[in-house]
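Encoded as structure tokens, the structure appears first; notes follow it.
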Amino acid sequence: LLLMEGTNDVIFSEFTMSSTAFHLERMAAAAREAGTYTVMATIIPRSDWRWGLKFYRDRIFNLNDMIRALALNLRLPCAEHFNAFYGYPEAEGGWRALLSDKVHPTDTGYEILTRDWFGEISRLPFKPAAPAVERTASRGLFLIRPVNRLTWGPNPRLFDSIILVGYNVYRSEDQS
């Protein structure tokens with residue numbers, strides 16, 4: 001499960017960032033109970049009018065800190081989407097150049113997200129088989145827009161009962 005959630009929660013002041021983090025934890029727990037491994041992600045910065053207000057910026061920073069702590073406590077990989085965007089070179093337009101409508105990524109932004117996701121996926125104990133990125137369309141009721149789709153298959157070793165009878169996932173605190 002690739003879990004990136006909370007961008008919309010930030011703009012609604014009736015939601016606390018602690019409650020959003022709690023719901024993220026519950027989603028990861030439900031995935032684990034269903035036998036699915038979760039890769040979490042920080043949310044990206046916004047370039048709308050809210051970014052100009054300290055209240056909303058602080059909510060983004062605080063939620064991302066909570067997401068990082070949650071991933072660490074649950075021993076789950078965490079894709080650092082926020083840092084990848086926020087650190088995008090100013091010479092190439094800075095992080096705002098990665099947003100198509102002040103909230104959603106451009107094609108370059110989605111490529112960065114895809115690379116970050118795959119970087120964390122590739123650290124899983126059994127690397128995914130046949131990873132691929134394809135350009136496709138997301139079809140809504142009134143809108144068709146191009147998107148990048150990251151797909152992969154399960155590692156065949158997970159199903160070889162001679163090689164593997166069962167497994168547990170452990171993550172070291174040292175990521176060097």
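The criterion of at least 3 residues that are without any contact (Cβ under 8 Å) to a residue 24 or more places away in the chain and out of contact with any strand residue (DSSP E or B) (no Cβ under 7 Å at 6 or more places or on another chain) is met, among helices (runs of 4 or more DSSP H) falling completely within segment 1-120, by 17-33, 54-74.
Using the structure shown, decide if Asp58 is open to solvent by less than 70 Å² (accessible area, probe 1.4 Å), of a type in the set (Asp, Glu) and modelled with pLDDT of 95 or more. Yes, satisfied.
Just one of the listed residues (Arg26, Arg68) is more than 15 Å from the chain's Cα centre (by Cα), more than 15 Å from Val103 (Cβ to Cβ) and basic (Lys, Arg), and it is Arg26. In this structure, does Thr20 turn out to be surrounded by 15 or more Cβ atoms within 10 Å (Cβ to Cβ) and either on the phi < 0 side of the Ramachandran plot or modelled with pLDDT of 95 or more (or both)? So Thr20 passes the test. Quick one: is Phe126 assigned to a loop (DSSP other than H, G, I, E, B), touching a helix residue (DSSP H, G or I) at 6+ places or on another chain (Cβ under 7 Å) and at pLDDT below 85? Here the answer is yes, as Phe126 does meet what is asked. Within segment 85-102, being among the aliphatic types (A, V, I, L, M) and open to solvent by less than 30 Å² (accessible area, probe 1.4 Å) holds for Leu98, Leu99. Scanning segment 32-55 for residues that are crowded, with 17+ Cβ neighbours inside 10 Å and in contact with a Ser or Thr (Cβ under 9 Å, 6 or more places away or on another chain) turns up Ile43, Ile44, Arg46. Ser13 - would you say it is at pLDDT 95 or above and out of contact with any Lys or Arg (no Cβ under 7 Å at 6 or more places or on another chain)? No; evaluated as a whole, the condition is false for this residue.
The values are calculated or read from the model by the stated rules, or taken from the named source; none is laboratory data. Small disclaimer: the values here were computed from a predicted structure and weren't measured. Cβ coordinates were reconstructed from backbone atoms using ideal geometry, including for glycine residues, and neighbour counts include every protein chain displayed. These area figures cover heavy atoms from the full protein model, side chains too; ligands, DNA and RNA do not enter into them. Shrake-Rupley method; radii C 1.70, N 1.55, O 1.52, S 1.80 Å.
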